[in-house]
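Heads up: the structure comes next, in structure tokens.
The values are calculated or read from the model by the stated rules, or taken from the named source; none is laboratory data. From a predicted model like this one, the values you see are computed outputs, not experimental measurements. As a convention, Cβ positions derive from the backbone with ideal geometry for all residues, glycine included, and neighbour counts pool all protein chains shown.
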Amino acid sequence: MRKKIRSYENCRVIDISPGGNSLCTVPSQDAEGNPREKFVELDSRQAVPGDVVHINLGRRKKKGFAQGQVTDLVQSADYRIPAPCPHFGTCGGCRWQHVPYPIQLEWKHTMVVQALTRHLPSSGIQIPEVNPTLPSPSVWEYRNKMEYSFSSRRWLDNQELEGPGEDHTKTDPRALGFFVPGYPGRVTDIRECHLQTTEASAIRNWVRDWAYQHHLSFYDHKTHQGYLRTLVIRNNSQGQFLVILITGDHRPNLEQDFVDRLTAEFPRIRSIYGITNSKLNDSYADLEMRNLWGEEWIRETLGDLDFHIGPGSFFQTNIPQTPRLYDLALRYAAPDPAGDLVYDLYTGTGTIAAYLAGSAREVIGLEYVEEAVTAARRSCTENGITNAGFYAGDMKDLLTREFFDTHGWPDIVVTDPPRAGMHPQVVQRLRDAKPKRIVYVSCNPESLGRDAALLTQPLPQGGRYSIDEIQPVDMAPHTPHIETVVRFSYTSSPETE
């Protein structure tokens with residue numbers, strides 16, 4: 001027998017959850033039957049702090065919160081604004097478009113403070129005041145990379161279901177766009193996106209029309225059948241593009257038609273890649289990347305430096321904000337050019353390493369993706385940087401005592417890990433190395449808090465790391481994502497001096 005859905009009326013939304021959704025409370029009981037309030041997480045596209053809503057409470061829990069569904073918006077928060085995107089509400093990309101940007105910055109600051117407060121008391125370290133969030137210079141069309149999914153199961157919104165129309169966009173089940181959160185395999189057909197440039201949107205829409213003209217099958221995420229799987233569009237600040245078409249099988253004649261027609265339509269495309277993905281998941285970093293046409297890379301300029309961006313390269317997606325992020329990392333690192341050896345972990349295409357090289361004796365960059373390391377070496381060579389070396393491999397396997405003995409023990413470490421944070425073994429190796437400063441560039445407040453708690457535990461040999469400064473940096477307006485730069489400094493205990 002199915003459990004009856006519990007409904008609650010007039011619930012006031014009071015806070016932001018760790019993942020950027022919203023929180024309200026509903027009446028509940030503890031194990032002894034005593035009354036208490038229970039936190040319920042709501043989709044922030046449907047409800048924001050200050051709203052009053054009716055909700056249905058589901059049985060599923062996520063990260064300690066019950067999951068609720070908004071059934072009616074009774075009263076809106078007075079700061080709400082209309083979202084400019086027609087796909088807002090079903091698309092899972094921009095979850096805060098209906099919130100004024102200054103309030104978004106405040107929420108991101110709160111997310112960082114709360115994450116550190118949750119994790120750091122266990123280390124006994126005092127948390128300094130978190131600086132106000134550094135705003136992005138551009139809040140629209142700031143992204144230089146987007147990944148769009150092909151799907152044979154298009155999501156139909158209420159307007160499409162109820163409205164008239166004979167055109168194929170009303171009846172064709174195929175879609176090219178973003179997955180709808182909570183509905184596996186369902187994709188919102190994106191015709192307009194405000195995160196990338198208008199020309200990038202034109203490229204995406206052209207690819208969809210090309211696929212319709214050739215009657216190509218879109219990938220079915222249930223049966224794992226279908227030719228077209230993923231479209232990746234990258235651009236630089238000069239308006240040049242790198243396009244990747246990921247397919248379920250290899251069709252050379254069709255790829256040639258794609259290249260010929262796409263390049264004729266969009267002359268600012270500089271590079272096109274093809275990838276064949278027959279796996280059951282959409283990851284492609286481990287697959288062969290075939291250069292179908294054009295240059296091997298596109299280039300990006302940051303300050304006086306040029307960087308190569310290939311199909312598998314990691315590069316910050318918000319170019320206008322990136323120099324400010326890297327300048328901050330450099331200021332926190334404060335290397336001595338006469339003597340400091342700097343390690344740059346998760347270096348990507350070596351952008352931070354190149355920034356640091358002019359102010360350090362030597363920089364060593366470590367990165368998992370071999371193609372990104374190749375790009376980093378090439379960029380440094382072309383920029384005349386001779387004091388930076390790069391090595392590829394899994395961070396926990398690379399960062400060993402033998403590596404330190406061979407290449408030198410770091411005076412300063414800059415680390416920019418993925419959302420999952422650093423592997424515990426990597427954290428321990430940093431503690432063993434005892435650099436005088438660690439600059440942590442985080443894209444996830446939760447993993448930052450966890451790693452910070454480990455880093456700041458007292459060291460067995462005496463001494464410990466403290467936190468000097470914390471600066472949130474907004475690289476992704478209208479989303480809950482937030483970068484945070486934290487400076488850790490080593491202090492020896494009196495008995496180790």
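Checking each residue in region 289-303 for being of a type outside the set (A, V, I, L, M), surrounded by fewer than 19 Cβ atoms within 10 Å (Cβ to Cβ), in contact with a Gly (Cβ under 9 Å, 6 or more places away or on another chain) and outside any strand (DSSP E or B) picks out only 296. Scanning region 317-328 turns up one or more residues that are in a helix (DSSP H, G or I) and of a type in the set (Lys, Arg). When each of 202, 264 is tested for being over 15 Å from residue 146 (Cα atoms) and hydrophobic (A, V, I, L, M, F, W, C), the lone residue that passes is 264. Can you tell me which residue is surrounded by the most Cβ atoms within 10 Å (Cβ to Cβ) among those in region 368-378 that are of a type outside the set (Val, Ile, Thr) and closer than 17 Å to residue 345 by Cα? So the residue we want is 376.
Would you confirm, using the coordinates I've provided, whether residue 319 is crowded, with 19+ Cβ neighbours inside 10 Å and in contact with a strand residue (DSSP E or B) (Cβ under 6 Å, 6 or more places away or on another chain)?
Answer is no for this residue.
So, in region 389-399, how many residues would count as being assigned to a loop (DSSP other than H, G, I, E, B) and either β-branched (Val, Ile, Thr) or surrounded by 13 or more Cβ atoms within 10 Å (Cβ to Cβ) (or both)? Total meeting the criteria: 2.
Which members of region 81-117 meet the condition of being part of a loop (DSSP other than H, G, I, E, B) and either assigned by TED's automatic domain parsing to the domain that holds residue 481 or under 27 Å from residue 484 (Cβ atoms) (or both)?
Quick first cut of region 81-117, residues part of a loop (DSSP other than H, G, I, E, B) only: 81-87, 89-90, 92-100.
81, 83, 85, 92, 93, 94, 95, 96, 97, 98, 99, 100, listed by residue number.
Is it the case, given these coordinates, that residue 275 is buried (at least 17 other Cβ atoms within 10 Å of the Cβ) and either more than 24 Å from the chain's Cα centre (by Cα) or within 16 Å of residue 148 (Cα to Cα) (or both)? It is true that residue 275 is buried (at least 17 other Cβ atoms within 10 Å of the Cβ) and either more than 24 Å from the chain's Cα centre (by Cα) or within 16 Å of residue 148 (Cα to Cα) (or both).
For region 160-258, please list each of the strands (runs of 3 or more DSSP E) lying entirely inside it that holds at least 2 residues being closer than 29 Å to residue 297 by Cα and at pLDDT 95 or above.
175-179, 228-235, 241-247
This table checks each residue for (1) over 21 Å from the mean Cα position of the chain (by Cα); (2) touching a residue at least 24 places away in the same chain (Cβ under 8 Å).
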site	(1), (2)
367	no, yes
384	yes, no
387	yes, yes
393	yes, yes
450	no, yes
463	yes, yes
472	no, yes
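Candidates in region 470-497 are the residues that are more than 21 Å from residue 18 (Cα to Cα) and not hydroxyl-bearing (Ser, Thr, Tyr); of these, the one that is modelled with the lowest pLDDT is 497. Within region 405-429, the residues that satisfy the criterion of being surrounded by fewer than 17 Cβ atoms within 10 Å (Cβ to Cβ) and either within 18 Å of residue 361 (Cα to Cα) or of a type in the set (A, V, I, L, M) (or both) are 405, 406, 407, 408, 409, 420. List, please: which pairs have Cβ atoms under 9 Å, are six or more places apart or on different chains, and start with a residue in region 396-412 that is within 24 Å of residue 487 (Cα to Cα) and polar (S, T, N, Q) and end with one that is modelled with pLDDT of 95 or more and surrounded by 13 or more Cβ atoms within 10 Å (Cβ to Cβ)? Sorted first by the residue in region 396-412, then by its partner, the pairs are 400/429. Only residues that are surrounded by 13 or more Cβ atoms within 10 Å (Cβ to Cβ) and among the small types (Gly, Ala, Ser): list them for region 231-272, please. Within region 231-272, 237, 248, 271 qualify.
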